[in-house]
1. I'd like the residue in the stretch 23-54 that is among the basic types (Lys, Arg) and over 19 Å from Glu65 (Cα atoms) and, out of all such residues, is nearest to the chain's Cα centre (by Cα).
2. Quick check on the stretch 22-79: of everything there that is of a type in the set (Asp, Glu) and farther than 17 Å from Ala6 by Cα, which residue is least open to solvent (accessible area, probe 1.4 Å)?
3. Which pairs have Cβ atoms under 8 Å, sit 6 or more apart or on different chains, and link a residue in the stretch 20-34 that is under 9 Å from Gly58 (Cα atoms) to one that is aromatic (Phe, Trp, Tyr) and surrounded by 16 or more Cβ atoms within 10 Å (Cβ to Cβ)?
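The values are calculated or read from the model by the stated rules, or taken from the named source; none is laboratory data. On a predicted model such as this, the values are computed, not experimentally measured, just so you know. Cβ placement follows ideal geometry from the backbone for every residue including glycine, while neighbour counts extend to all protein chains displayed. Accessible surface areas use protein heavy atoms only, side chains included; no ligands, DNA or RNA. Shrake-Rupley method; radii C 1.70, N 1.55, O 1.52, S 1.80 Å.
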Amino acid sequence: MLLEDAVALRIEQLCIERKMTKYALSEKSGVPQTTLTSIKKKRSTSVKLKTLYAICEGFEMSLKEFFDSPLFDRNTVHD
């Protein structure tokens, strides 16, 4: 799986787990909905660390918690 796919899937998983819409995530994180959509639809192949940090803040979690998922297993992700 490509890294950008894993990031998009992780965001989707967290939204579902927390019953949070993309709009709510956008409001809480300050990341525009257009950026979240670009990540989801893989129009953007590289997410800035600053953006990912803001998304994590919107989920009220650390980057460590975000990446603590089987999606980011070394044997699964490639770039």
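1. Initial filter on the stretch 23-54 (among the basic types (Lys, Arg)): 28, 40-43, 48, 50.
Within this subset, residues satisfying the condition of being over 19 Å from Glu65 (Cα atoms) are 40-43.
Working: Lys40: 8, Lys41: 12, Lys42: 11, Arg43: 14 Å.
Across the stretch 23-54, the extreme among qualifying residues is Lys40.
2. Pass one, the stretch 22-79, residues of a type in the set (Asp, Glu): 27, 57, 60, 65, 68, 73, 79.
Okay, now just the ones that are also farther than 17 Å from Ala6 by Cα, so 27, 57, 60.
Details: Glu27: 120, Glu57: 97, Glu60: 139 Å².
The extreme case among them is Glu57.
3. Leu25/Phe59; Lys28/Phe59; Ser29/Phe59
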